[in-house]
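Please treat every number below as a calculation from the coordinates, not as lab data. Here the structure is a predicted model, which is why all the values come from computation and not from measurement. Cβ atoms come from the backbone with ideal geometry, glycine included; neighbour counts cover every protein chain shown.
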Amino acid sequence: MDKQNKMAQTPIPRLMLKMGLPIIISMMLQALYNIVDSAFVSNMEGGESALNALTLAFPVQMLMVAIGIGTGVGVNVMLARSLGERNTEKPALVAGNGVFLGVVITVLFMLFGWLGVPAYIGTQTNDEMIREMAVTYLRICCLCSVAIVFFSIFEKVLQAAGLSLQSTIAQVSGAVTNIALDPIMIYGLFGFPKMGVAGAALATVFGQLVSFGLALLFHFKKNKSVPNGLRYIRPNGTTIRLIYRIGLPAIIAQALMSVMTYGVNLILGTVDASLVTAYGLYYKIQQFILFAAFGLRDTITPVVSFNYGMQDEKRVGQSIKTGVIYTSVIMLAGTVLLEIIAEPLCAAFGLSERTQTLCVSATRIISAGFFFAGISLALQGVFQALDRGVASLIISLLRQLVLILPIAWVFSRLIQPDLSNAWIVWLTFPAAELVTAAVAVLLAKKDKITLNTILK
């Protein structure tokens, strides 16, 4: 009840910061350990090939996160709304069905890890060394997917109950574990065998297990607003349908990142493998900024949803306005940061001169679209909270599929065979973000609350 009172009475700007900062920090640290992971891998023997292998595996890793987080978003919104309505039984049923769905998702990814990984990697490369490293890395991640799937769900359960600090502690602990284990397991330090990319995968899995274990502990020890019990884990068709009515657009939004990365890998791979490596590395670098925007989006959703459940139109409006402003500021700061540090950052990965030049170019050009991405992501969080799933889906489709792949394919034809004008292909991304932001604002104008808030 105390948490619910704080959600209902704390001034929106302060509430958004209090809830959002832990989420933002945890997500940025998650992106950071992806970058550190790549840095350790790139500096091992055959590092650039290993980095290419991780790039080929990355879309499936993102898909795991996508389904886990998307399911968690549905659970998050349903929990927040139920708590705002002062419902006592429904939150337990929602959380329990989230656990059931986590089991199903984990089993599916374990089956893919055992049976489907070699065929998937084979569609992207004919290089035997890269293929072998990619299969090894991805198979380990899929067979041990239980931790990332369940952490994604329980993280959202904690956030919906106002326990953002606890979710951050769990996320940070996993990130620190991963970073600490990377050099030990990749290079074979302190008596450990030298495992290369397999060590990188195992370090990632151990980090995820730490995050999941702590999130589960915090849920049982701190989350008094959601009752627990085996009877709540039994599947309930109505509850699952409601979870995915909200969460499916989020799953598709996250999964489209996987599809987009896979598609871009295929397009760039027809030009030169160094483009794939440069793009894969930049993609992990940009996540450090984009994940901050994702954190704010994931803050906007429960805050707006809670006040929507209370039917407090004024606080709903304040939440939308504050969320859009905060997200825009973060993305502008991210653009400035990457423009300044592009060269020294890309130089830290032991790349060939050509690949490093391509990575610097990608960093500087693609980050120019961050501001527009921030507007789209903030409004996407609003649409999810207000149950405007179609609008959220449209934004995701435009940002990550409908615009990106056709433009990237056309631009990739223009730069062949001379990579000196490779900067042209990077223009794909800011162009897509600009168009998507314009469409997001137009969609927002159809909602009277959103329109009045954004224009005030």
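Per DSSP H run of at least 4 residues, take -39500 (n - 2.57); add these up for the chain, divide by its residues and hand me the 222 nm value, nearest 500 deg cm²/dmol. Walk me through the numbers on the way to the answer.
Working: 19 runs with 374 residues, N = 456.
Using -39500 (n - 2.57) per qualifying helix, the result is -28000 deg cm²/dmol.
Of GLY162, ALA293, ILE267, which is farthest on the positive side of the dipole of segment 9-455, counting Cα position, with +1 on Lys and Arg Cβ, -1 on Asp and Glu Cβ, and the Cα centre as origin?
Comparing the listed Cα positions along the dipole, GLY162 ranks first.
Beta carbons within 10 angstrom, averaged per residue: use that to sort the peptides 12-22, 283-293, highest first. Write down the numbers at each step before the final one.
Details: 12-22: 19.2, 283-293: 22.4.
Those peptides, ordered most packed to least, come out 283-293, 12-22.
Based only on other Cβ atoms within 10 Å, what is the fewest-to-most ordering of THR123, THR261?
On the way: THR123 10, THR261 23.
Sorted ascending by nearby Cβ count, the order is THR123, THR261.
For segment 9-455, give the magnitude of the charge dipole about the Cα centre (Cβ charges: +1 Lys/Arg, -1 Asp/Glu; no others), in debye to the nearest 20.
Values: 29 positive and 21 negative charges, 381 e Å.
With only Lys, Arg, Asp and Glu charged at Cβ, the dipole is about 1820 debye.
Can you divide the C-alpha Rg of the chain by 2.2 N^0.38 Å and report the result to two decimal places? Don't jump to the answer; show the numbers that get you there.
Numbers: Rg = 21.3 Å, N = 456, 2.2 N^0.38 = 22.5 Å.
Compactness ratio reported: 0.94.
Work out which helices of the chain, taken as complete DSSP H runs, extend at least 15 Å along their axis over the Cα atoms and score a mean Kyte-Doolittle of 1.6 or more, then list them. It would help to have the intermediate numbers written out before the result.
Values: long enough: 12-42 (43 Å, 1.22); 47-84 (51 Å, 1.18); 90-115 (38 Å, 1.78); 128-143 (22 Å, 0.84); 146-160 (21 Å, 1.71); 164-187 (35 Å, 0.84); 197-222 (37 Å, 1.33); 237-269 (44 Å, 1.18); 273-309 (50 Å, 0.69); 313-346 (47 Å, 0.84); 353-366 (20 Å, 0.17); 370-385 (23 Å, 1.52); 404-415 (17 Å, 1.84); 428-444 (24 Å, 1.83).
Helices passing the filter in the chain: 90-115, 146-160, 404-415, 428-444.
Please report the spacing between the Cα centers of segment 141-184 and segment 263-307 in Å, no decimals.
19
If packing is taken as the mean number of other Cβ atoms within 10 Å per residue, what is the order of 349-362, 428-441, highest first? Don't skip to the answer; put the middle values down first.
On the way: 349-362: 19.5, 428-441: 21.1.
Ranked from most to least packed, the peptides come out as 428-441, 349-362.
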